[in-house]
Amino acid sequence: MSIELFGLENIPIIDGDSDISQIIKEAIEKQGCNLNHGDIILIAETLISKAEENFIKLDELNPSDDAIELANQSGKDPKIVQAILDESNEVVRVGPNFIITETKHGFVCANAGIDESNVGDGLATPMPKNADESAAEIRKFLEQEFGEEIAVIITDTQGRAFRFGAIGTAIGCSGISPIWKRVGEKDLYGRELETTEIATCDELSAAASLIMGQADEGLPAVIIRGFDSFDLLRNENSSIKSVLMPKEFDVFRK
């Protein structure tokens, strides 16, 4: 099996209310790559939040006593800490220049997923309010326009426990199951798999992140073409929530 990844090169800088579905359609047409059956479009969450005008105006925040205390512990700006608290259900851990929280969406990640890069001065972007819904809206529009079944994944850059470095991670999806349950299949020696579940949307997001980059690459949308398991994992009612581990099973938070 082989897959192809390529960035959409005609996405303009988004700084406010914008129709991302139409922008991606026009970028595909300008690039001349069309959409094929089984294509997967991966979109950086910052693009979604900016287009939906989901901004945090840092200068308008008044840090609480809790925010100031956490700022002293972490070394972060108190206004950013207040933004993190506003977007979180729970603070999990505090370390040098990071605060691990459970976001209002249920994700456990650094700094509630708030991003200060690729956005104007004095602003930050939280995670999209409903990345599954945003992905579904874009997918349905593009499927109608191009007449092909596709999937859309909204990605974020997140760290991982016990490892340095960040990778692309899925925070929303539509048209494809985020988990591939392979229990019952056989390995190379004929043994039956008993617990194997693959975070397919995360793997696809990590691959796309190699193209998107983290600095001034200007490629916030990537198409993955040729993923053989698309039809097997096709799911028009998918949700990223199926990858979220219930707190009672999260041994790292106990």
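The values are calculated or read from the model by the stated rules, or taken from the named source; none is laboratory data. Because the structure is predicted, anything quoted here is derived from the model rather than measured. Here the Cβ positions follow ideal geometry from the backbone for every residue, glycine too, while neighbour counts run over all protein chains shown.
Numbers at a glance
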item	result
Output for segment 112-168, where each listed residue is among the hydroxyl-bearing types (Ser, Thr, Tyr), in contact with a strand residue (DSSP E or B) (Cβ under 8 Å, 6 or more places away or on another chain) and within 17 Å of Glu53 (Cα to Cα)	Thr125, Ser134
Filtered residue count, segment 1-11, keeping only those that are within 18 Å of Ser134 (Cβ to Cβ) and out of contact with any Gly (no Cβ under 8 Å at 6 or more places or on another chain)	1
Residues satisfying the stated conditions in segment 237-251, i.e. part of a loop (DSSP other than H, G, I, E, B) and surrounded by 13 or more Cβ atoms within 10 Å (Cβ to Cβ)	Ser238, Ser239, Leu244, Asp250
Evaluation of Asn72 against (1) outside the structural domain of Asp17 (by TED's automatic domain parsing); (2) touching a residue at least 12 places away in the same chain (Cβ under 8 Å); (3) at negative phi; (4) not aliphatic (A, V, I, L, M) (one fails), failing number	(2)
Qualifying residue in segment 149-160 (condition: over 19 Å from the mean Cα position of the chain (by Cα) and modelled with pLDDT of 95 or more)	yes
Residue in segment 181-193 that is touching a helix residue (DSSP H, G or I) at 6+ places or on another chain (Cβ under 7 Å) and at pLDDT 90 or above present	no
Segment 108-146: number of residues that are touching a residue at least 24 places away in the same chain (Cβ under 8 Å), in a loop (DSSP other than H, G, I, E, B) and surrounded by fewer than 20 Cβ atoms within 10 Å (Cβ to Cβ)	8
Residues within segment 173-189 that are part of a strand (DSSP E or B) and on the phi < 0 side of the Ramachandran plot, tallied	6
Single condition Thr196 does not satisfy, out of (1) of a type in the set (Val, Ile, Thr); (2) within 26 Å of Ile99 (Cα to Cα); (3) more than 17 Å from the chain's Cα centre (by Cα)	(2)
Restricting segment 25-49 to residues that are within 17 Å of the chain's Cα centre (by Cα) and hydrophobic (A, V, I, L, M, F, W, C), the residue that is farthest from Lys129 (Cα to Cα)	Ile40
Qualifying residue in segment 80-101 (condition: over 21 Å from Ala44 (Cα atoms), surrounded by fewer than 18 Cβ atoms within 10 Å (Cβ to Cβ) and among the acidic types (Asp, Glu))	yes
Total residues in segment 199-216, condition more than 16 Å from Leu5 (Cα to Cα) and exposed (fewer than 15 other Cβ atoms within 10 Å of the Cβ)	3
Test: Asp65 is touching a residue at least 12 places away in the same chain (Cβ under 8 Å), exposed (fewer than 12 other Cβ atoms within 10 Å of the Cβ) and assigned by TED's automatic domain parsing to the domain that holds Ile114	no
